[in-house]
Each structure stands twice: as C-alpha cells, then as structure tokens.
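The values are calculated or read from the model by the stated rules, or taken from the named source; none is laboratory data. This one's a predicted model, so the numbers in the text were calculated from it and none came from an experiment. We place every Cβ from the backbone using ideal geometry, glycine too, and count neighbours over all the protein chains shown. To get the accessible areas, we keep the full protein, side chains included, count just its heavy atoms, and leave off ligands, DNA and RNA. Shrake-Rupley method; radii C 1.70, N 1.55, O 1.52, S 1.80 Å.
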Amino acid sequence: MVKTRLAQNLPSLAVTALYRCLLADTLALATSLKSVEVAVMCPEPDREELGHVVGNTVQVVAQRGEGLAAGLTSVFRHFTVAGRQQIIAFNSDSPHLPRMVLENAFEILAAHDVVVGPTHDGGYYLVGAKAAHAALFESDGMGTGSALDKLLTRAKSLELSTGFTEPFYDIDIANDLILLARELQLAPEKAPRTASWFVEWEQAVAQLPHGSVGE
C-alpha cells in the first residue's frame, strides 16, 4: 500500500515500481552525505520485505506503534539511544531534493532545537531534532494539509526553537508527479532511477489529469 492517491490514476504495477524508484533515489541521496548514519524506519510487518528491497545498503529498523506519528517518534528514539545528537527524518519520496538542502538542515539544527522542511501543500518533507520529543508528533493532522501548523504549534508548546529549510514539493498527487517529470526531463541525474521510470511509463503519465501545477 504505497502512494494510494496516485493509484487512482495509474496502474498499481506502475505505482509500486515508482515507489521503489523514489525510495532507491532517496536512499542514494541520503547516503551521499558525509559522516551521516542512515536507516530506514518502517512497520514491523514490512521490515523483512523492505530489507530485500533496499539490500545491504542501509539498516532497516522496525518502528514502535502504528502510523506516521509513531514512525517519526521511533526515528528519534532509535538514534538518540545510539548516542546521535543531530537527527533528521525525511520522507522517502523526495529524491529531487538538492543535497545542499539536507546539509543545510544539519547546520540549521546546530543552532535550533528543531528544523523543519515545509512542503507547498501544508505538510513537511523533513523534520529534525537534537533529542526525542514524543509529544512533538501526535496523530492528529499527520499526513494532512494542517500537519505543518500542528507540528509548529506543538514545538512552540514544548518551548523548542525552530529553524526552516526552503520549501519543496513531495510526490503525493498527479500534479506533483507531473512537476517531477518536468524537473527530471531537464536534469535526470537528480534521480536517475525515477527518471528511467518516467521513460517506461511515459504514456501512462501523459494521461494523468492536469490541474494547476506550480511550485
């Protein structure tokens, strides 16, 4: 069950293949950073299968609890137990992020308690902290257009200072995918596996409904 909103407009085989490409390119981006430990967090039932998908490239860790909020909380718990002092969680569908954005996120986090990367739809593609704050992630609003506002409200209530990286889009709906197709057509090296997917599924993508597309 991945990218369910895209599954409304694309064959399930295409959506699954797309997600594997997004994940692979995102992991390549993450592992390109120097002196950074990378792990994939996922629900326990998916751990073995996801391990086969990513191979031996990174550690796959089972989250505690269900849902996105539990997953994010588990990221910070996992790395703080390991003694890490700067932890950044970011989504698996932003392979087009410039590496500089992630590097800047660590720099921003050095001067703040929390760093957030906003998305144009009211959510966030990245969140970082220096410690595990279980109350920072509540289930209400996760994955919705109010997710960012709710996160910032909780950070304020916890008296955590917050810094921001630049806004970006992630891949949730057809318009996002069309925007990514245009970007990778000009610079396929940003996410080569995903760029290849667009070539394979060019006809299906061409039939996606076009709404207002913008950055």
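The magnitude of the dipole of the chain, with charges of +1 and -1 set on the Cβ of Lys/Arg and Asp/Glu and taken from the Cα centre, is near 340 debye.
For segment 126-208, GluC sites (Glu not before Pro) meeting the loop criterion (DSSP other than H, G, I, E, B) and having at most 14 other Cβ atoms within 10 Å: GLU138, GLU159. Summary value for the chain: 22 percent relative contact order, contacts being C-alpha pairs under 8 angstrom separated by 6+ residues.
Calculated on the alpha-carbon coordinates, the convex hull of segment 17-128 measures out at 117 cubic angstrom per residue. Here r is the Cβ-Cβ distance between ALA187 and LEU68 and R0 is 35 Å; the resulting FRET efficiency, rounded to 0.05, is 0.75.
Model label points for VAL36 and PHE106, set 7 angstrom from Cα along the Cα-to-Cβ axis, are 0.7 nm apart. Can you compute the FRET efficiency between THR16 and SER161 using 1/(1 + (r/R0)^6), with r the Cβ-Cβ distance and R0 = 41 Å? Round to the nearest 0.05. The computed FRET efficiency comes out at 0.55. Annotation: per residue accessible area for segment 66-213 equals 49 Å², rounded to a whole number [probe 1.4 Å, protein chains only].
Helix content alone sets the calculated 222 nm mean residue ellipticity of the chain: runs of n ≥ 4 DSSP H residues at -39500 (n - 2.57) each, divided across all residues, give -13000 deg cm²/dmol. Comparing GLY145, GLY83, GLY122 in a Gaussian network model of the chain, where Cα atoms under 10 Å apart are tied by springs, the biggest mean-square fluctuation is seen for GLY83. When you work out D = kT/(6 pi eta Rh) for the chain at 10 °C and 1.306 mPa s, using the Kirkwood radius from C-alpha pairs as Rh and the Stokes-Einstein form, the result is 89 µm²/s. Residues whose amide H comes within less than 5 Å of that of PHE164, counting only those at least five positions distant or on another chain, are VAL116 (H built at 1.01 Å from N in the peptide plane). Percent of Cα-Cα pairs more than 13 Å apart in segment 1-42, please. Of all Cα-Cα distances in segment 1-42, 59 percent exceed 13 Å. Ligands, DNA and RNA left out, the accessible area of the chain computed with a 1.4 Å probe is 51% carbon and sulfur. Computed over segment 105-215, the Cα gyration tensor eigenvalues convert (square root of 5λ each) into semi-axes of 32, 16, 11 Å, ordered from largest to smallest.
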